[in-house]
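Handing you a structure now.
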Amino acid sequence: AQGVVGPQDFTLLSWNVLAQCYFARPDHSPHITDAAIRDPVLRDEAVLAEILGADADVVCLQEVMFDTFDALRLRMEAAGYLGLMQNGHKKRTSHPQGVGTFWKAERFELCGESHRSRALAAVLADRSVAAGAPRLAVVNVHLEGEHIAALTRVKQLQGVLKELRGKHEHHGLVVAGDFN
């Protein structure tokens, strides 16, 4: 996707990478039959290669396992990205995955963050602009998937946008993710 922050363009990749914990449930991913894709090590390598091959300025990932985020973050840092993971109160229990957002360190600087239910907002100052460093708010979501939960999805998005407006100055807004 292309976006505008002040006069500068940026690229953004958003991808639900399908959490490894769901591969144990045959009803969740029956269409994935390739054993190499189901293998966590091979799959992680393939996902990382796709992300780095896209060379996006901002990367929004959904269904990132909390217990593997640190390893992913280190690999992304080696490629010039910084990132953060949703601070979920349920992590490592009933909901072992969340959203993670990365940005090119040479391009953006983190100025603020907000963590909400199924949402993470990162406010990034654009280093490529000489004066004024406009701030881009990137909201990464993985909204409730239950088909009868439309109102819940709206409230999840409203919550993060309200907190963002109240706590963090920004000049542009991108909402990316899995909206179910």
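The values are calculated or read from the model by the stated rules, or taken from the named source; none is laboratory data. Computed from a predicted model, the values in this text were never measured in an experiment. Ideal geometry is used to build each Cβ from the backbone, glycine not excepted, and the neighbour counts take in all protein chains shown. For the accessible areas, the whole protein counts, side chains as well, though only heavy atoms, and no ligand, DNA or RNA atoms are used. Shrake-Rupley method; radii C 1.70, N 1.55, O 1.52, S 1.80 Å.
When the stretch 148-180 is examined, which residues are found to be within 15 Å of ARG135 (Cβ to Cβ) and touching a Cys at 6+ places or on another chain (Cβ under 9 Å)?
HIS168, GLU169, HIS170, VAL174, listed by residue number.
Residue-by-condition table, conditions (1) over 13 Å from the mean Cα position of the chain (by Cα); (2) not acidic (Asp, Glu):
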residue: GLU106; (1), (2): yes, no
residue: GLU113; (1), (2): no, no
residue: ARG127; (1), (2): yes, yes
residue: GLU144; (1), (2): yes, no
residue: VAL154; (1), (2): yes, yes
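I need the full set of residues from the stretch 50-70 which are part of a helix (DSSP H, G or I) and small (Gly, Ala, Ser), in order please. Quick ask: steps written out before the conclusion?
Going through the stretch 50-70, the residues part of a helix (DSSP H, G or I) turn out to be 50-54, 66-70.
The answer is GLY53, ALA54.
Among the numbered conditions (1) of a type in the set (A, V, I, L, M, F, W, C); (2) out of contact with any Cys (no Cβ under 9 Å at 6 or more places or on another chain); (3) open to solvent by less than 70 Å² (accessible area, probe 1.4 Å), tell me where LEU74 comes up short.
LEU74 satisfies all of (1) of a type in the set (A, V, I, L, M, F, W, C); (2) out of contact with any Cys (no Cβ under 9 Å at 6 or more places or on another chain); (3) open to solvent by less than 70 Å² (accessible area, probe 1.4 Å) except (3).
Given the conditions (1) open to solvent by 60 Å² or more (accessible area, probe 1.4 Å); (2) touching an Asp or Glu at 6+ places or on another chain (Cβ under 6 Å); (3) in contact (Cβ under 8 Å) with a residue 24 or more places away in the chain, report the number of the one that THR152 does not fulfil.
Just one mismatch for THR152, condition (3).
Select, from VAL58, VAL41, VAL47, the only residue that is open to solvent by less than 60 Å² (accessible area, probe 1.4 Å), more than 25 Å from LEU157 (Cα to Cα) and out of contact with any Cys (no Cβ under 7 Å at 6 or more places or on another chain). Before the answer, list the steps.
Working: VAL58 fails: more than 25 Å from LEU157 (Cα to Cα); VAL41 fails: open to solvent by less than 60 Å² (accessible area, probe 1.4 Å).
Checking each option against the conditions leaves just VAL47.
Being among the basic types (Lys, Arg), modelled with pLDDT under 90 and surrounded by 23 or more Cβ atoms within 10 Å (Cβ to Cβ): is that true of ARG118 here?
yes
Please determine whether any residue of the stretch 85-95 is at pLDDT below 95 and touching an Asp or Glu at 6+ places or on another chain (Cβ under 7 Å).
Yes, the stretch 85-95 contains a residue that is at pLDDT below 95 and touching an Asp or Glu at 6+ places or on another chain (Cβ under 7 Å).
Something else about it: For the stretch 3-19, does any single residue satisfy the condition of being at pLDDT 85 or above, in a loop (DSSP other than H, G, I, E, B) and open to solvent by 60 Å² or more (accessible area, probe 1.4 Å)?
no
Considering only the stretch 105-180, give the strands (runs of 3 or more DSSP E) lying wholly within it that have at least 2 residues that are in contact with a Phe, Trp or Tyr (Cβ under 7 Å, 6 or more places away or on another chain).
Values: elements: 108-116, 119-126, 135-142, 172-178.
Strands (runs of 3 or more DSSP E) meeting the threshold: 119-126.
Mind checking which residues of the stretch 121-149 are closer than 17 Å to LEU61 by Cβ and buried (at least 20 other Cβ atoms within 10 Å of the Cβ)? Step through it out loud before you land on a result.
First pass over the stretch 121-149, keeping only residues closer than 17 Å to LEU61 by Cβ: 121-122, 124, 138-143, 145.
Answer for the stretch 121-149, where residues must be closer than 17 Å to LEU61 by Cβ and buried (at least 20 other Cβ atoms within 10 Å of the Cβ): ALA121, ALA122, LEU124, VAL138, VAL139, ASN140, VAL141, HIS142, LEU143.
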